[in-house]
Amino acid sequence: ISVNHALNRIFPNPASGWLKVDVYHLVEDGSSGRILIHSTQGQLIRDDSFTAKDGVKEIDILGVKPGPYIVTVVSGTGVILEKSKVVIK
């Protein structure tokens with residue numbers, strides 16, 4: 001497993017309504033991946049796919065209970081590209 005903590009491409013933080021993930025430079029052209037949002041207890045809250053063409057992917061978090069969450073960006077090959085704690089308000 002490879003983790004890139006150098007760049008924070010997940011914003012805004014704290015977030016409400018929509019969470020944006022900059023995927024433009026995370027994967028090569030034609031590649032894809034998944035954006036996973038988990039509660040701090042490990043429950044999967046959202047699972048969205050993306051491709052390099054998405055640029056900045058918007059994730060609908062309307063109706064998600066306020067609190068801390070873990071957002072993980074995973075490549076199509078299973079490599080963790082970005083992982084960040086986000087507060088949803």
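Is it fair to say Arg46 is basic (Lys, Arg), in a strand (DSSP E or B), more than 14 Å from Val86 (Cβ to Cβ) and modelled with pLDDT of 90 or more? Judged against the criteria, Arg46 is not a match. Filtered by the rule that a residue be in contact with a Leu (Cβ under 8 Å, 6 or more places away or on another chain) and in a loop (DSSP other than H, G, I, E, B), segment 61-89 gives a lone residue, Ile61.
In segment 20-47, the residues that are farther than 14 Å from Ile10 by Cα form Cβ pairs under 7 Å with partners that are polar (S, T, N, Q) and exposed (fewer than 12 other Cβ atoms within 10 Å of the Cβ), at six or more places apart or across chains, as follows: Ser32/Ser49. Of the residues making up segment 32-47, just one is more than 15 Å from Ile88 (Cα to Cα), out of contact with any Ser or Thr (no Cβ under 6 Å at 6 or more places or on another chain) and either of a type in the set (A, V, I, L, M, F, W, C) or open to solvent by less than 40 Å² (accessible area, probe 1.4 Å) (or both), namely Ile35. Annotation: Trp18 fulfils all but one of (1) modelled with pLDDT under 85; (2) among the aromatic types (Phe, Trp, Tyr); (3) surrounded by fewer than 12 Cβ atoms within 10 Å (Cβ to Cβ); the unmet one is (1). When segment 75-89 is filtered for residues that are hydrophobic (A, V, I, L, M, F, W, C) and surrounded by 17 or more Cβ atoms within 10 Å (Cβ to Cβ), the ones remaining, listed by number, are Leu81, Val86, Ile88.
For segment 57-69, the criterion of being open to solvent by less than 20 Å² (accessible area, probe 1.4 Å) and farther than 15 Å from Lys89 by Cα is met by no residue.
The values are calculated or read from the model by the stated rules, or taken from the named source; none is laboratory data. Computed from a predicted structure; not experimentally measured. Heads up, the Cβs are rebuilt from the backbone with ideal geometry, glycines too, and the neighbour counts pull from every protein chain shown. Please note that ligands, DNA and RNA were not included when accessible areas were found on the heavy atoms of the full protein model with its side chains. Shrake-Rupley method; radii C 1.70, N 1.55, O 1.52, S 1.80 Å.
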